[in-house]
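Quick note: the coordinates plus some simple rules give every number you see, no bench work behind them. Just so you know, these numbers come straight off a predicted model, no measurement behind them. Every residue, glycine as well, gets a Cβ built from its backbone with ideal geometry; the counts of neighbours run over all protein chains shown.
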Amino acid sequence: MTTVASPASPPRSLETRAAAPGGGSRRLDSVDLLRGIVMILMALDHTRDYVGNAALNPTNLATTTVALFLTRWITHFCAPTFSLLTGVGAFLMLRRKTKREVSWFLLTRGIWLIVLEATVMRFLWQFNVDYHVTFLIVLWALGWSMIVLSALVFLPTSAIATISIATIALHNLFDGMSPPATAGGRLIWFILHRPGPLYAREGMMWFLGYPLVPWIAIMSLGFALGVVFTWPTERRRAFLTRAGLGCIAAFVVLRTLNVYGDPFRWSVQKSIAFTILSFMNVNKTPPSLLFVLITVGPALLFLRWADSPAPRILKPALTIGRVPMFYYAAHVLVLHLLVTVEALARYGSASIVTQSPTLDRFPITEPPGWPASLPVVYGAWALVVLLLYPLCRRYARYKREHDYAWLSYL
């Protein structure tokens, strides 16, 4: 199975404001905090892609280590959590905008994200414009999810929740199907259900790394979840606790039965540790039912835990969570600049970090001797986050002090 990068989640979050006592509004710090944490984790995954061994699949139990597997697995929370919270933010916009206004914003912002994916972010990932290889990944999925949600917002919230849950629960029924024989059918198959080429000819490849189902359903489920944040405190906390524990329990039961919910079954391995890894090794592209349960469940429990003022030590994550689009683009740029300096220092040339990669070595085709050890990857990750935090803090302050409409797209 082709391994592609998994940028977890960008655009500046839809405003996460809820009703406050006295009829005003306040930001939901729990939503911003969780978003910031997953954005920080996302940078770990991409640091590993640039600095570590991009050709080594960290979830391949035949070649991975426990530490490498867990380094990858913890970042699984990023994309589904961000998509879910984007849906929550869209619902909370209804506190101060009409459905028509929210729909228009989702539509235009979705289109904007798709354009960014194929232009600005492609350049930041590869530092070239040759378009030999173009990956359509997280912004692609988020953009289309927003476009679809722009239509769904006119349905009753209960109907949106039902459609979303049914899509997430049932889409794995198609796992055993082969792609259609026709070119058009295969294209639709890749767009909706399985990673594959959108367009390919000699010297040019557009690869769909994020099939849209069920990413669309995760965002629309978040929209339905948004109503919970308008409930009284105790009712909201009780629901988040029950829903979070319910998702985790459903994951344990379904994974133990080993008959449905993921295209890959778990099995007994060479050791107890690796058997546990096999149990936890669920499919992200596309996200299986089990993948959604084990990522969304803990996210809901975190929202319950954070339903109070954030501890001071987590304030940096709160700041990052309020400027995710800025952070997303900036972290790729900073990472790529750092490895460009490394390439110049080690090889006297930056060509290895400015050429389009092969499909199995995104974002760069690393020469022998390039991959760093896992401790070095963690150190580089910490450096990137430390460099980005002051920039995010300044940008967050700028957003607070200015109310330009274009800031909502950045």
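Helix-only estimate, please: 222 nm mean residue ellipticity of the chain, summing -39500 (n - 2.57) across DSSP H runs of length 4 or more and dividing by its residues, to the nearest 500.
It comes out at -18500 deg cm²/dmol, rounded to the nearest 500.
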Please state the relative contact order of the range 330-372 as a whole percent: Cα pairs under 8 Å, 6+ residues apart?
23
Report the number of Lys pairs in the chain whose alpha-carbons are under 27 Å apart, with separation of 8 or more residues or on distinct chains.
4
Normalised by the residues of the range 17-409, what does the relative contact order come to in percent, with Cα pairs under 8 Å and at least six apart?
28
Treat each spin label as a single point 7 Å out from the Cα along the C-beta direction, and report the residue 181 to residue 98 distance in nm.
5.2
Considering amide H positions built from the backbone, and no H for Pro or chain starts, which residues 5 or more places from residue 196, or on another chain, come under 5 Å of its amide H?
208
Could you let me know the centre-to-centre spacing of the range 159-197 and the range 42-100, using Cα atoms, in angstrom?
21
With DSSP loop assignment and no more than 14 other C-beta atoms within 10 Å, the chymotrypsin sites (Phe, Trp or Tyr not before Pro) in the range 108-214 are 131, 154
